[in-house]
Amino acid sequence: MIKKQTTIPSILGKKNSGKKIAALTAYDFCFAKILEETDVDIILVGDSLGMVTLGYESTLPVTMDEMIHHIRAVKRGVHHPLVVGDMPFMSYQVSNESAVQNAGRIIQEGGAGAVKLEGAGPMAERLQAVAQAGISVIGHLGLTPQSIHQFGGYKVQGKNYLDARQIKKDALDLQKAGAFALVLEAIPQELAREITGELQIPTIGIGAGPHCDGQILVLNDMLGLNRDFTPKFVKRFVELGELTKSAVNQYVQEVREGSFPDQDHSYDMPRQPLRSAGNEKPGA
Ligand code: KIV
């Protein structure tokens, strides 16, 4: 059965109906096709791809070309979830013009239905420029990984009163600037609840507790594929890393002992052509 496509109005509608938004990241065609067969609403091709699939130490080195390469791959695998493309570091910070141009590339070249960018203050102006160009945009507040050096590490944000007040003000500013949803990352659940209650647009939490309008996780984290470091907010729904390792070890063992490939995984050839192969008369 063909599933109904997730649209921006349907995402906005979930806020009013109280039905939670389920979002995940994905970075390639293979996983995108699997997610297509689920009920996930949004697939974010996050700049986390830099750390998850490209092996960078942070998200900062990710380029526009890398983002577009992966967004296109994901887009080829899905029909019904809304594909959101992340705007990488320095693709929108410099000016409103570059923000609109790069957001446009994510939509036109990548095929995404919306973009996401991090931060507030001057970034609210960038978000507004993108939204006013007719591109649907999600804001991102709290622990914004592109600001990792300012934060001094991957630390929970908004834990004291002043910081919490600032994040709440930023959330209202981004809504005013035209964001259609907000990602809230690594903030106290009480703050996320208050922001969610104040906003008309949906909040999508990651490490922001259960009171947001939706949740997002990095796919590789929740599948147990990223075993270097697991933040408190990540639940591993399966240990795919362990399962992969034991499957590969079994393969290696069977190859070495000669039990794979067996007859079930080998092709047969009719006897006649094999016996006569090479004996054909020229021109016969
Ligand atoms: O890049 C990313 O994957 C993200 C999510 C963690 C929200 O921004």
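Within this structure, GLN200 fails the test of being surrounded by 14 or more Cβ atoms within 10 Å (Cβ to Cβ) and either modelled with pLDDT of 95 or more or under 27 Å from LYS33 (Cβ atoms) (or both).
Residue-wise test of (1) open to solvent by less than 70 Å² (accessible area, probe 1.4 Å); (2) within 16 Å of the ligand (Cβ to nearest atom); (3) within 16 Å of GLY121 (Cβ to Cβ).
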| site | (1), (2), (3) |
| --- | --- |
| TYR161 | no, no, no |
| GLY178 | yes, no, yes |
| GLU185 | yes, yes, no |
| PRO210 | no, no, no |
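Kindly establish whether GLY134 is in contact (Cβ under 8 Å) with a residue 12 or more places away in the chain, more than 16 Å from the ligand (Cβ to nearest atom) and either not in a strand (DSSP E or B) or not small (Gly, Ala, Ser) (or both). Lay out the reasoning, then the answer.
Details: in contact (Cβ under 8 Å) with a residue 12 or more places away in the chain: no; more than 16 Å from the ligand (Cβ to nearest atom): yes; either not in a strand (DSSP E or B) or not small (Gly, Ala, Ser) (or both): yes.
Against the criterion (in contact (Cβ under 8 Å) with a residue 12 or more places away in the chain, more than 16 Å from the ligand (Cβ to nearest atom) and either not in a strand (DSSP E or B) or not small (Gly, Ala, Ser) (or both)), GLY134 does not qualify.
Restricting LEU127, LEU141 to those that are under 23 Å from GLY50 (Cβ atoms), touching a strand residue (DSSP E or B) at 6+ places or on another chain (Cβ under 9 Å), within 16 Å of the ligand (Cβ to nearest atom) and not in a helix (DSSP H, G or I) reduces the list to LEU141. Within segment 20-60, restricting attention to residues that are more than 22 Å from GLY111 (Cα to Cα) and touching a Gly at 6+ places or on another chain (Cβ under 8 Å), the residue that is farthest from the ligand (Cβ to nearest atom) is LYS20. How many residues are open to solvent by 40 Å² or more (accessible area, probe 1.4 Å) and in contact with an Asp or Glu (Cβ under 8 Å, 6 or more places away or on another chain) if we restrict to segment 53-95? Counting residues in segment 53-95 that are open to solvent by 40 Å² or more (accessible area, probe 1.4 Å) and in contact with an Asp or Glu (Cβ under 8 Å, 6 or more places away or on another chain) gives 5. When PHE151 is tested against (1) open to solvent by 10 Å² or more (accessible area, probe 1.4 Å); (2) modelled with pLDDT of 95 or more, only condition (2) is not met. Against the condition modelled with pLDDT of 95 or more and open to solvent by 20 Å² or more (accessible area, probe 1.4 Å), how does LYS116 come out, does it pass? Considered against the rule, which asks whether it is modelled with pLDDT of 95 or more and open to solvent by 20 Å² or more (accessible area, probe 1.4 Å), LYS116 comes out as no.
The values are calculated or read from the model by the stated rules, or taken from the named source; none is laboratory data. None of these values were measured; they are calculated from a predicted model. Glycine gets a Cβ as well: all are built from the backbone with ideal geometry, and neighbour counts include every protein chain shown. Surface areas here come from the heavy atoms of the whole protein model, side chains and all, with no ligands, DNA or RNA. Shrake-Rupley method; radii C 1.70, N 1.55, O 1.52, S 1.80 Å.
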